[in-house]
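Below: the structure, in structure tokens.
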Amino acid sequence: MFNLILFGPPGSGKGTQSEKLIEKYGLKHLSTGDLLRSEIANQTALGLEAKKIMDKGHLVPDEVVIGMISSAMEQHPNAKGFLFDGFPRTASQAEALDKLLALNNEEIAVMLALEVGEEELVKRLMKRGETSGRSDDTNESVIRARIVEYLQKTTAVADYYHTFDKVKLIKGEGTIDEIFSALCKEIDEKL
Ligand code: ADP
């Protein structure tokens, strides 16, 4: 299997690049944001609780997202590999993910970290909010709260994988195709 984490702050282009990467490499896309939004759309108890937290720009509890990822992985035992998007977002999620993969003698091959400046992120998310229907994209203070959560809790995930020498930094500003090529170059080196 080839398992990769696409990492970066909200609005860094993880969703856009994930779509292109899964198509090219035949990976299964696991996005905790998408899984949570599908719970919300289905009005499950989990979804209703998660929505309150997401609308404040805060992180959903670790146990919830770890449980969702674990069952999504179990549902795809024959995947060629997973592309994790928006997960792990805390150091405990990273440890839990490594344990889940280790159960099947698997591991993360590489973490590709998209780097984008804060003002560009806010601009992109406000623009996405005009059409995405995502309530967390329409309010600048919620967007800034998500960036604060990222800086306070999520950057620790990059530190974690850095200790295993698995992090590659990718410039996340430029055209979609330029960024995609930079990502593919790193993946091809690991394959
Ligand atoms: P973005 O990265 O653009 O903020 P996502 O779709 O990845 O968008 O996530 C939207 C929201 O879902 C986050 O702000 C957070 O509340 C919640 N969320 C998604 N993934 C996780 C996670 N791994 N841990 C905790 N909360 C999460």
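Tabulated data
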read-out	value
Residue, farthest from the chain's Cα centre (by Cα), within segment 152-164, restricted to residues that are free of Cβ contacts under 8 Å to residues at least 60 places away in the same chain and within 14 Å of the ligand (Cβ to nearest atom)	152
Selection count, segment 13-30, where residues are of a type in the set (Gly, Ala, Ser), assigned to a helix (DSSP H, G or I) and over 16 Å from residue 89 (Cβ atoms)	0
Matching helices (runs of 4 or more DSSP H) fully within segment 31-89 where at least 3 residues are polar (S, T, N, Q) and surrounded by 14 or more Cβ atoms within 10 Å (Cβ to Cβ)	none
Filtered residue count, segment 1-12, keeping only those that are assigned to a loop (DSSP other than H, G, I, E, B) and either away from the ligand (no atom under 16 Å from the Cβ) or among the aliphatic types (A, V, I, L, M) (or both)	2
Cross-chain or 6+ apart pairs with Cβ under 7 Å, segment 165-191 first and modelled with pLDDT under 95, then surrounded by fewer than 17 Cβ atoms within 10 Å (Cβ to Cβ) and of a type outside the set (Ser, Thr, Tyr)	none
Options 47, 15: the member that is closer than 22 Å to residue 188 by Cα, within 13 Å of the ligand (Cβ to nearest atom) and modelled with pLDDT of 95 or more	15
Selected residue (criterion: nearest to the chain's Cα centre (by Cα)) from residues of segment 122-146 that are near the ligand (Cβ under 9 Å from one of its atoms) and assigned to a helix (DSSP H, G or I)	146
Inter-residue pairs, beta-carbon under 7 Å, first within 8 Å of the ligand (Cβ to nearest atom) and in segment 22-36, second in a helix (DSSP H, G or I) and of a type in the set (Ser, Thr, Tyr), 6+ apart	31/18
Filtered residues of segment 99-117 (kept if of a type in the set (Val, Ile, Thr) and in contact with a Ser or Thr (Cβ under 8 Å, 6 or more places away or on another chain))	116
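The values are calculated or read from the model by the stated rules, or taken from the named source; none is laboratory data. Since the structure is predicted, the reported quantities are computational estimates derived from the model, not experimental observations. Quick reminder, even Gly has a Cβ in these numbers, built from the backbone with ideal geometry, and neighbours come from all protein chains shown.
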